[in-house]
Amino acid sequence: MAGAFQALLNLTFPVAGAPPFRSRKHTFTPSLFSGNRSFGATRSNSLLPRELRSVTRTLVIRNSANPAQEFQGNDGPNQPPQVFASTILASAKPLLNFVGSNFLPLALISGVTLGLINPSLGCLAHKYHVAKFSTCGIFLISGLTLRSEEVGAAVAAWPVGLYGLASILLLTPLFSKIILQIHLQPQEFVTGLALFCCMPTTLSSGVALTRLAGGNSALALAMTVLSSLLGILIVPFSISKLIAGGVGASLPADQLFRSLILTLLTPLIFGKVLRESFKGVADFCDSNRKLLSCVNAILLSLVPWIQVSRSRSLLLMVKLEVFLVAVVMGAVLHLTLLGFNALSIQILCGVSGGNKSIFANKENSSALLLVASQKTLPVLVAVVDQLGGSFGESGLLVLPCVAAHLNQIIMDSFFVSFWNKKKQSLGDTKAA
């Protein structure tokens, strides 16, 4: 009797007009109301349902006067599934925003980590030429998203492209002479980085990063394709004069030329033809540029994943402190190239019209800075293979260049993320 009476005292009834509260087996319809205030009355024990005789917790009954109330027990609010899902999404929103803003560097770091933890998958991907397919995919997406007005913008910016080619193939290779003055054991690390300076620009990352940064992607494409094709002729000369001391260095020119045509030009042209032939393709690509940028980032992350997987066994044979020195040297080299090209852009702006100069255009300058400051790894690997040990152990020559290649992509991806955040904050400030 006492337990049933306590249960009645703990009941909170709704206001008039509220729907009855339904339990599993019984329906309670209140007959006395006093606003939202609880009340108690003495009832006979025989009138109470059996389940209520053991009730020991308070029930707060949701009513129409206060829809924010929820069924509540000692464990706290019991929210409906929709409210619970919304709460989870709201709490995860900062994490999702961070991932979206830094998708490329996170993808690259994930690829490197996976290559170090489990290299067998990366070696299997190399066996089936996944890196070539990823490069083809990047240039196919570039063709699909390449607007005709962007091609016109690239043609109008021909002085920027001309300087970019000169910087990639003639000016930045001169830094190899400075690198050769460094003494480090094994000496192949130094020689490898010097060879790296003489290479053309990256085949895919420069274009992908330029697109992510909102730069002149058509100009980046033009500089990439032309420097890669011209590099087949110029790189042997640069190595012979700057590094080999007059010793000839040969390149598999026919093989490299065919490979570049197949992996760069063909998918680029095919993507552009598809875009111009089918309006639905163009509309889809224009409305899903963010999605395609994420696909680009994933394809780009496959290259360092495969390279790290292939070099892991050799990496474990080298003293950690020596390798870290080589990694720092590669990072300093990339920062030096970025600083050199940034300074060159400022000088060219000063002598060609200041703020009205074509070099002062943000889209052109970002494309030039990113593309002209990067060096490609696949061409270096082909060159080292042809040298046949003339400059030392091939694996030791390539290893610091793998680290430098990863450094430049990861560093530039963070720079691009910073630029995009800065542009977004400026846009929000103007909107306010």
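The values are calculated or read from the model by the stated rules, or taken from the named source; none is laboratory data. Fair warning: this is a prediction, and the values are worked out from it, not measured in the lab. Cβ sites come from the backbone with ideal geometry, for glycine too, and all protein chains shown count toward neighbours. Just the protein is used for accessible areas: all its heavy atoms, side chains included, with ligands, DNA and RNA removed. Shrake-Rupley method; radii C 1.70, N 1.55, O 1.52, S 1.80 Å.
Before moving on, here are some points about what is shown:
- Only protein heavy atoms count here; under a 1.4 Å probe, Tyr128 has an accessible surface of about 140 Å².
- Inter-label distance, Glu150 to Thr87: 4.4 nm, where each label sits 7 Å from its Cα along the C-beta direction.
- Within the full protein context, the accessible area of Ile269 is estimated at about 100 Å² for a probe radius of 1.4 Å.
- Share of carbon and sulfur in the accessible heavy-atom surface of the range 99-153 [1.4 Å probe, %]: 73 percent
- Within the same chain, lysines fewer than 8 places from Lys356 are excluded, and of the rest, those with a Cα less than 26 Å from its Cα are Lys421, Lys422, Lys423, Lys430.
- Average Cα contact separation per residue, the range 189-338, under 8 Å, 6 or more apart, as relative contact order %: 23 percent
- Ordered from highest to lowest accessible area with the whole protein assembly present and a 1.4 Å probe, His334, His183 read as His183, His334.
- Averaged per residue, the range 292-432 has 46 square angstrom of accessible surface, using a 1.4 angstrom probe with ligands and nucleic acids left out.
- Efficiency of FRET between Met317 and Ser352 - r from beta-carbon atoms, R0 51 angstrom, step 0.05: 0.50
- Placing pseudo-labels 7 Å out from each Cα toward the beta carbon at Leu274 and Cys294 gives an inter-label distance of 1.9 nm.
- Linear extension gain, Lys362 paired with Ile109, 0.36 nm per residue minus alpha-carbon span: 88.3 nm
- With the cut-off at under 12 Å, measuring from each backbone N in the range 127-143 to a point 7 Å along the Cα-to-Cβ line of Val281 picks out 140-143.
- Accessible surface of the range 262-320 [probe 1.4 Å, protein heavy atoms]: carbon and sulfur percent: 72 percent
- Across the range 215-220, computed HN-Hα scalar couplings (Karplus, 6.51 cos²θ - 1.76 cosθ + 1.60, θ = phi - 60°) run x, 6, 5, 5, 5, 4 Hz from first to last residue, x flagging Gly and Pro.
- Diffusion coefficient, µm² s⁻¹, Stokes-Einstein with Kirkwood Rh over alpha-carbon pairs of the range 297-432 at 4 °C and 1.567 mPa s: 75 µm²/s
- Accessible surface of the range 173-251 [probe 1.4 Å, protein heavy atoms]: carbon and sulfur percent: 67 percent
- Between the range 105-142 and the range 400-416, the alpha-carbon centres lie 15 Å apart.
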